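The values are calculated or read from the model by the stated rules, or taken from the named source; none is laboratory data. These numbers come from a predicted model, not from an experiment. Glycine gets a Cβ as well: all are built from the backbone with ideal geometry, and neighbour counts include every protein chain shown.
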Amino acid sequence: MEIQRPIIKLMVLHSNHDKSDNLSRRESLPGKSKWRISLSRSPSSSSSKSNNSSPSKTEIPTEFLCPISGSLMADPVIVSSGHSYERACVTASKTLGFTPNPSLPNSPPDFTTVIPNLALKSAILSWCDRRSFPPPKPLDTAAAEKLVFSLMEKTNRRSRKVSISEKELIQAIKDKPSVRLDHAATELDRRPNYFNSSSDESVASSSRTLQLATRPSCFSSPSSAEIESLEPNPSPEEEALLVKLKSNRISEIEEALVSIRRVTRLDEGSRISLCTARLISALKSLIVSRYATVQVNATAVLVNLSLVKSNKVKIVRSGIVPPLIDVLKCGSSEAQEHSAGAIFSLALEDENKTAIGVLGALEPLLHLIRVGTELTRHDSALALYHLCNNPDPAH
């Protein structure tokens, strides 16, 4: 900030022998010059003072700005990863399942724990007081969610751009798969959290590249009337779960999803009995839920159901692939892991490969190989490998 210094004006009054200077001679010695010093400020100094009431962002310390909103924080909090954010932005990000770009490399934000940052809040208020700047006002919930939505849309637009290097990567996967890609069925058994693989799954060995043309009509979503006609008499267990899945209360939806996820994790019989058109239809809307926990559990349930070979084509024909692709593009990181795993599992069935590719799974899978978590990158690569090895000569 430029410091305006007072301009010192020196005025020299020479004594003379005129009558008008008689008074001056009495007050000063004869023959001496009299010095008069006056102080004044430049016009810009007053204007700079007025500008202190509204400092620009370049004048605000970076640590006082919320990385999400870009504004001065009114209610700063510290999250588990050590970053500081505006509280409303953290709440909106957790609700919508959004993870902002890290301010430092290899340090992704973790919103598991939120603690008030009283020291930072005090520093911000003191800084505002010293500059006669009004203290910041907290963001309301609606404004914070709108802001996070706009950031998610920007991230989504960026994810649709596939670079040449990514196209070369998928070609390399097709031409020269790694050892891990040759053992897709056994890799499924090693997934640590949410599913185990059946032992009868095979790995396609053809090297013919998948060619995409038009969207197949046989993989369109069935209507509710068609679903009712296909399964007119649901079991009491399924009916009870469906009531909760369609509830307006998030807690009931989460309870039902966790229950299905737990029972289908190890029991193949439950995977078969619960893979119904009604339940899959209910999962479709939950997979793209704005609530991160609902989204994560819904995609995890779908992964478990997809492990049975007889369920794979049924799931894809239900129209579940587009919601999975939406999660790949802008879902939470954990939901993206499950979504990539589900598409990988569904791609093991040759009959599904063309549909999955035509519906647009390749680009987001390519993107996640570059920016996803380790598990997401691994399953995305496996999915791409199997999608690019379609043994059907018609494609």
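Remarks
- Residue 336 meets the conditions (1) more than 22 Å from the chain's Cα centre (by Cα); (2) part of a helix (DSSP H, G or I) in every case but one. The failed one is (1).
- Any hit, region 125-135, residues being under 20 Å from residue 332 (Cα atoms) and either in a helix (DSSP H, G or I) or assigned by TED's automatic domain parsing to the domain that holds residue 371 (or both): no
- Pairing residues of region 256-277 that are assigned by TED's automatic domain parsing to the domain that holds residue 311 and hydroxyl-bearing (Ser, Thr, Tyr) with residues that are part of a loop (DSSP other than H, G, I, E, B) and surrounded by 21 or more Cβ atoms within 10 Å (Cβ to Cβ), at Cβ distances under 7 Å and at least 6 apart in sequence or on separate chains, gives 264/274.
- The number of residues in region 341-359 being over 28 Å from the mean Cα position of the chain (by Cα) and without any contact (Cβ under 8 Å) to a residue 60 or more places away in the chain comes to 3.
- Whether a residue is basic (Lys, Arg), free of Cβ contacts under 8 Å to residues at least 24 places away in the same chain and surrounded by fewer than 24 Cβ atoms within 10 Å (Cβ to Cβ) was assessed, and residue 370 does not pass this test.
- Count - residues of region 353-378 that are in a loop (DSSP other than H, G, I, E, B) and out of contact with any Phe, Trp or Tyr (no Cβ under 8 Å at 6 or more places or on another chain): 4
- Qualifying residue in region 238-258 (condition: modelled with pLDDT under 90 and not small (Gly, Ala, Ser)): yes
- Of the criteria (1) without any contact (Cβ under 8 Å) to a residue 12 or more places away in the chain; (2) closer than 23 Å to residue 329 by Cβ; (3) of a type in the set (Gly, Ala, Ser), which one residue 251 fails: (2)
- Hits in region 57-77 (condition: in a strand (DSSP E or B) and either not β-branched (Val, Ile, Thr) or not assigned by TED's automatic domain parsing to the domain that holds residue 87 (or both)): 65, 72, 76
- Just one of the listed residues (315, 325) is part of a helix (DSSP H, G or I), in contact with a Pro (Cβ under 9 Å, 6 or more places away or on another chain) and not polar (S, T, N, Q), and it is 325.
- Restricting 341, 372, 319 to residues that are of a type in the set (Gly, Ala, Ser) and farther than 24 Å from residue 273 by Cβ narrows the list to 372.
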